[in-house]
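Engineer: Below you will find the structure I want to go over with you.
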Amino acid sequence: HGSTRPLTMSQSHRKTRVDATRSSTHVWESSPLTGKQLNAVASLVKMTSERLVPSHIASEEEERDRQIGKAAYDSAVVDVHSAHQFHQWYTDIEARRKVETDERFRCHLDALEQYIKMCDVLLESADQSQESFDSLKDNYRSIVGRRQTLQDECSQLASEKKRLLQFVQVLNEKLENFEELETITQSFPGGLSKVDKVGFIPMLKRLDDCSSFIDAHPQYTAYSTYAVKCSQLRSRALSGVRSHVFATLRTAVNLVRQHHVEDKNSTDDSALSSEGLITPVLYVKFRSAISNLRPLMVEVDSRARLGGVTANKKEYAQVISDCRAIYCEQRTALILDFVKLRISEYSTEVSLPAFIRAGCAYFLQVCRAERELFESAFPLESTDIVSSLWALMEPMGAALHDAIRPRYIALNDVYTLAELVDLLSEEIMEEQLGKHGETGDVMRPFVQALLGDIRERLVFRAQSFIKEEVENYRPTDADLDYPGKLENVSSRGMLPDMNEADARVLPDDSADQSLKPTRDRGKSRQHWYPPLQSTLSCLAMLYRSLDSRTFSGLAQEAVHICSDSIQMASRMIMSRRSNFDGQLFAIKHLLVLREQISPFESDLAAHSVPVRELDFSHLRGQMRRMLAGELSLFSTSPDANALIVLAAKGAPRLVESTVDSQRELERHLKVACEAYIMAVTRQIVEPMLGFITKVTALRVSGTLTDGSQVSGAAFAAPERLAEVVARVNESLDTDLPACVEKMSMYLTGAATREIIFNPIRSNIAEAHSQIASLLEREYQPDDLKKVPLRRPAVLAKMMSKVSSKF
């Protein structure tokens, strides 16, 4: 009984099922179960591992054991009368004991079998639960898969729905343009398209949107049809805009004219004309009549400036341009007569400068008023002010120009014309127009045109003035009375005191004074030659009135003519007086001319005048060949025929050069100074120069023998040389001071006189040094005492004494 019983098939099956259950439990533990499911599985595993006997079964076994013990006890009390009975009783007792001994195990076995059955039931239930769990898991996976599939299908359906809705929306948006176009087309005959209606501007916007959409999709089948329809509708709408603007302006003009006629009948004509242009009738009533145009014009102008289709922009720009032109035409027809009337009133009673001031001030007032009135009907950008108002203001500007032109054309005085130029350029353009900003910019082109015409007249009269007063000037005896004229001026104390040299440029203050164009300029310079006075006053006046290029051309010509006139007068003075007077006259006036044009040097240098001339110098060789017989008129050879050669090589050449009057003036001045220096030098040391020339010729001729001296010649005798030196000393004592005095009379600048006198001093010193050298080489020591030649120190002292008079 104590041996271990082998496991039966049922027990091994149960053990296998238990292991399978545990394996399934581990599988469950690794599966993604919920917390509740994991707790249930753990409880089942614990119950199957302990195999506890239920409480009711344990109590039944205990009761059975008590009953068996009681029966055994009851059977143990048996009467035994024989050995057979004892052995039978003992056998029964043994059997009963054996039975009682095995009964407990049998009961336990039965209980175990019952437990096994119960475990089998539990295992079967667990298997069923496992199968249920597996089925549940499979169903869960299937449901999850179906749910994901359903979710994907729903998402796909939602995206498809969204795409379809977007497509429907886009399709509706595209169809809206075509439907809107049809609506606009139907609205035109019904009167909704009238420009004065409230819905016209939104309709115009919708039409542009439809047109932009159609133009952006040329791939549509009906593109050409709808594009033509849009173009036609837009043309009809814009034509209606033009008609509406024209009708509104005509109504405004008629209203103003009607009120003007009524005011004219009820008011005195003179009082009405004195009001001029700025009246409530011409502006307030006109503004109120056209005020409804601005919203429409703002819309049209904004569409002309938007970055849309180029063709649409051009159409709107053309419409706004046409409307502005209609406005300008109607407005000009209304106010031009009033403007002319007021301008004529200004021109009848005042001088020309006052008339220009009043006319320009009035025209500026008109420009400001017309600009404000124009902006009440049309939008106006700062860059479009001049171009937009040009058609309106041009007739009024022309009326003002036509009123001023005859008066300045009749002027011949260049100074008056210059005053007009200064008036327009400085007072009106810079001061008046500069203060009014954009309104001044509207008037500026008209003032510039007027200024240009007056400048042309000034240039013409300046050329005539230079020709009459300088080039064709015929000097009188009083004009050529030099040095008498200078002596008279000096005696009356009218000779100007100039501290610096005439040869150099004047200081800044003197230069500025030379630029002042006053008519009395010549009176303060009575010692000047009249053509010089006229030239300088004219140039000073033109310098402020003309641009630099035009002034440069006139200045080059005037300086050249003035220089020629001065030289002509110098030659006339030489023939009447002396060479010294003529030369000093030329030096004096050329210096003054150079000095006074120094402020113009930069303009003269920057704008040189080109001159084109025909050059025939190359014909000399061909003519020389003809005269020499190398070329013949009857030769058959092309190289020897005179006509062919002249036709091929004799064409004149065009030579282009520039006129530099300042350089010519410097050259003339240099020539005049050199001529005067040489004349004074000859006047003083001419005997010495003649003697030196004869000595040089004697040496060159070779008549002197070896060892012979120049003093042996008749003209070079010591007595003759002494006479030559004596005449020079006499000239130094008398003629040189006279020349210096005369030079001081002509040339008031000490530095200028010093510049001219230095070469004279050098020439005199050089002549004396050559005579002294000749005396030392060619004469005996006793002969030196006979020649009264001044020593260099004495000569220098004498020269210094003479120059100190400067």
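Engineer: Give a residue-ordered list of calculated ³J(HN,Hα) values for the range 713-724 (Karplus: 6.51 cos²θ - 1.76 cosθ + 1.60, θ = phi - 60°; whole Hz; x for Gly, Pro).
Structural biologist: Per residue, the Karplus-derived 3J(HN,Hα) values read 6, 5, 6, 9, 4, x, 5, 5, 5, 5, 5, 4 Hz.
Engineer: How far is it, in nm, from the label point at GLU381 to the one at GLU103 when both lie 7 Å from their Cα along the line to the Cβ?
Structural biologist: 12.8 nm
Engineer: Can you grab the distance from the C-alpha centre of the range 713-783 to the C-alpha centre of the range 341-378, Å, no decimals?
Structural biologist: Each part's Cα centre sits 77 Å from the other's.
Engineer: Provide Rg and Dmax in Å for the range 538-588, with only Cα atoms included in the calculation.
Structural biologist: Gyration radius and largest Cα-Cα distance of the range 538-588: 14.7, 43 Å.
Engineer: Pairs to check: LYS162/LYS205; LYS694/LYS742; LYS229/LYS313; LYS229/LYS314. Give those whose C-alpha atoms are more than 29 Å from each other in this structure.
Structural biologist: Table pairs above 29 Å Cα-Cα are LYS162/LYS205; LYS694/LYS742.
Engineer: Please give the contour-minus-distance gain from PHE246 to ASN292: 0.36 nm per residue of separation, less the Cα-Cα distance, rounded to one decimal in nm.
Structural biologist: Result for the pair: 15.3 nm of gain on full extension.
Engineer: Okay, next question. Only Lys, Arg, Asp and Glu count, each charged at its Cβ (+1, +1, -1, -1), so figure out the dipole size of the range 274-432 about its Cα centre, rounded to 20 debye.
Structural biologist: It works out to roughly 720 debye.
Engineer: If you don't mind, there's one more thing I want to ask. In Å², and per residue, what accessible area does the range 304-415 have when probed at 1.4 Å with the other protein chains present?
Structural biologist: Normalised by residue count, the accessible surface of the range 304-415 is 43 Å².
Engineer: Separate question: Please report the carbon-and-sulfur percent of the accessible area for the range 99-142; probe 1.4 Å, protein heavy atoms only, DNA, RNA and ligands left out.
Structural biologist: Ligands and nucleic acids excluded, carbon and sulfur reach 55 percent.
Engineer: What nm value, rounded to one decimal, do you get for the distance between GLU419 and VAL144 when each label is placed 7 Å out toward the C-beta?
Structural biologist: Result for the modelled spin labels: 11.2 nm.
Engineer: Can you figure out the FRET efficiency of MET678 with LYS786, using R₀ = 35 Å and their beta-carbon distance, to the nearest 0.05?
Structural biologist: Computed FRET efficiency for MET678 and LYS786: 0.70.
Engineer: Using the Karplus curve 6.51 cos²θ - 1.76 cosθ + 1.60 with θ = phi - 60°, what ³J(HN,Hα) values do you get for each residue of the range 299-305, in whole Hz, with x for Gly and Pro?
Structural biologist: 5, 5, 5, 5, 6, 6, 9
The values are calculated or read from the model by the stated rules, or taken from the named source; none is laboratory data. Computed from a predicted structure; not experimentally measured. Positions of Cβ are backbone-derived with ideal geometry, glycine not excepted, and every protein chain shown enters the neighbour counts. Just so you know, the surface numbers come from the protein's heavy atoms only, side chains and all, with ligands and any DNA or RNA stripped out. Shrake-Rupley method; radii C 1.70, N 1.55, O 1.52, S 1.80 Å.
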